Amino acid sequence: MEFTRQHIADKAVLNEQLEAQRIVIEAMQQRLEQLESANEHLNSSNTSLRDMLATLQEANDSLQVQVIHLNEQYQERTQEYTAQVWQYNHVMVFLNTVRSVLEHLTNRDAAHAEEVREQFVRRYPSR
C-alpha cells in the first residue's frame, strides 16, 4: 500500500511539473511570435529561444513518457494487489470452513471425535 501511495504521489508531482512546463512552453511560444512579428531583424537572437523551447519540449515529452510508464506500473501493481487480496480472502474462507468442520467434529463425545483430536495432535507440528 505504501508503494502505491508513493507511486500516486510521484505521479501527481510529475503531472504538476508537466502542466507547469506546458504553461511555460505556451507562454514562450506566444512571446516568440510577438517578437518575430515586431522585430524581423532580431531573428538571430530568437534562435536561442527556439533551442530552449525545443529543449523544454523534449523534457516535457520525457515527462509524459515517465507519467505513462508510472501509470502502467500503477495499473500492474493494482492488479497484483487485487489478485493477492482475492487469494488471501479465498484462503481465509477455506480456513474458516476447515476450522468450523473440525470444531463440529471434535465438540462431541463420539468415538470419531476422539480420533480426530488424536490425529490433529499427532500431525500438528510442535516446536
- Of the candidates GLU26, GLU19, GLU33, the one satisfying the condition of being within 30 Å of ARG5 (Cβ to Cβ) and not basic (Lys, Arg) is GLU19
- Message: When you check GLN75 against the structure, is it touching a helix residue (DSSP H, G or I) at 6+ places or on another chain (Cβ under 8 Å) and assigned to a helix (DSSP H, G or I), yes or no?
- Response: no
- Confirm whether GLU103 is loosely packed, with under 11 Cβ neighbours inside 10 Å, within 24 Å of ASN15 (Cα to Cα) and acidic (Asp, Glu). no
- Any chance region 73-90 includes a residue that's surrounded by 10 or more Cβ atoms within 10 Å (Cβ to Cβ), of a type in the set (Asp, Glu) and more than 29 Å from GLU19 (Cβ to Cβ)? yes
- Message: Suppose we keep only residues that are surrounded by 10 or more Cβ atoms within 10 Å (Cβ to Cβ) and modelled with pLDDT under 80 within region 8-46. Which one would you say is farthest from ASP61 (Cα to Cα)?
- Response: ASN39
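The values are calculated or read from the model by the stated rules, or taken from the named source; none is laboratory data. Not measured: the values here are computed from a predicted model. Note that each Cβ is placed from the backbone with ideal geometry, even for glycine, and that neighbours are counted across all protein chains shown.
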